[in-house]
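Inspection log for the structure reproduced underneath, given as structure tokens.
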Amino acid sequence: SQKIEQNSEALNIQEGKTATLTCNYTNYSPAYLQWYRQDPGRGPVFLLLIRENEKEKRKERLKVTFDTTLKQSLFHITASQPADSATYLCALSTGNQFYFGTGTSLTVIP
Amino acid sequence: SQTIHQWPATLVQPVGSPLSLECTVEGTSNPNLYWYRQAAGRGLQLLFYSVGIGQISSEVPQNLSASRPQDRQFILSSKKLLLSDSGFYLCAWETGSNTEAFFGQGTRLTVV
């Protein structure tokens, strides 16, 4: 099965800066790669999807890149706000299975 | 619109007791259904998934089992809980397109 690695250390950034989170995976490239947001005590919420034949996807202040050669996805939040503080999970889906990374905790400092 | 219900929200159970967590989905038909477990500070571990009634695939051998008695109902069970079964259990569904999973609010299980 896939092994998915995300920054294990928490990320603290100043409000207004760009947060960049990394997701690396092993084995085969998935059909889809997704990013989710998880707040404490809640289930993850879908943010963005990128397909294996896409390099970049944007949605408002969010940007995702996907490099199948490096087996890596980067997730950017521009003009970060304290409300962006949460844990962000990377997920790979193929077949009928969704595999999630361990998540990176982001804190945006006012 | 589609909604997913998962209950209970919290549960404290003694070691050796049985477990039954239920998840139901509304507003869609023939969803793929999933059970995940999340240990403190850890990622989501896929436990079971189902593509149809009575069809269950297990990802990790363990003390748990799953059943899908109806199209939009997914149940996670155990005959005898272990301390290591403690965690945050999440049910999820998706349409089968693999593009987006929708999660329930989760059940915090503490085995004492």
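Values quoted throughout were computed directly from the atomic coordinates according to the rules given, and no laboratory measurement underlies them. All figures in this text were calculated on a predicted structure; none of them were measured in a lab. For neighbour counting, all protein chains shown are included, and Cβ atoms are generated from backbone atoms with ideal geometry for every residue, glycine included.
Can you work out ³J(HN,Hα) from phi for every residue in the stretch B:45-58, in order, using Karplus 6.51 cos²θ - 1.76 cosθ + 1.60 and θ = phi - 60°, giving whole Hz and x for Gly and Pro?
9, 6, 9, 9, 9, 9, 9, x, 4, x, 9, 10, 10, 9
Note down the nm distance, to one decimal, between modelled labels 7 Å out along Cα→Cβ at B:Ser17 and at B:Lys80.
1.7
Would you mind listing how long chain B runs along its three principal axes, going by Cα atoms, in whole Å with the largest first?
38, 27, 22
Can you list the residues, at least 5 places off or on another chain, whose amide H is less than 5 Å from the amide H of B:Leu47, using H built in the peptide plane?
So B:Leu47 has HN proximity to B:Trp35, B:Tyr36, B:Arg37.
Quick one: check the C-alpha center-to-center distance for the stretch A:20-64 versus the stretch A:88-110, whole angstrom.
Between the Cα centre of the stretch A:20-64 and that of the stretch A:88-110, the gap is 7 Å.
Within the stretch B:40-112, list the trypsin sites (Lys or Arg not before Pro) lying in a DSSP loop whose Cβ has at most 14 other Cβ atoms in a 10 Å radius.
B:Arg42, B:Lys79, B:Lys80
Which aspartates and glutamates have a Cα less than 17 Å from the Cα of B:Lys79, not counting those fewer than 8 places away in the same chain?
B:Glu22
In the stretch A:3-100, what chymotrypsin sites (Phe, Trp or Tyr not before Pro) fall in a loop by DSSP, with at most 15 other Cβ atoms inside 10 Å?
Sparse-neighbourhood loop chymotrypsin sites (Phe, Trp or Tyr not before Pro): A:Tyr28.
Straight-line reach from A:Lys57: which aspartates and glutamates have a Cα under 14 Å away, not including same-chain ones fewer than 8 places off?
Excluding near neighbours in sequence, the set is A:Asp67.
Of all GluC sites (Glu not before Pro) in the stretch A:1-73, which ones are in loop regions per DSSP and have a Cβ with at most 11 other Cβ atoms within 10 Å?
Passing sites in the stretch A:1-73 are A:Glu9, A:Glu60.
Below 29 Å, Cα to Cα, which lysines can A:Lys55 reach? Residues fewer than 8 away in the same chain don't count.
Reachable lysines: A:Lys3, A:Lys17, A:Lys63, A:Lys71.
Provide a whole-number value for the mean count of partner chain Cβ atoms within 10 Å of the Cβ atoms in peptide B:96-108.
What the average comes to for B:96-108 is 5.
Could you tell me what a quarter of the Cα convex hull surface of chain A works out to, in nm² with one decimal place?
Mean projected area for chain A: 6.6 nm², to one decimal.
Which number comes out as Rg/Rh for the protein assembly as shown once both Rg and the Kirkwood Rh are worked out on C-alpha atoms?
0.98
Can you tell me the relative contact order of chain B? Whole percent, Cα pairs under 8 Å, sequence separation 6 or more.
36
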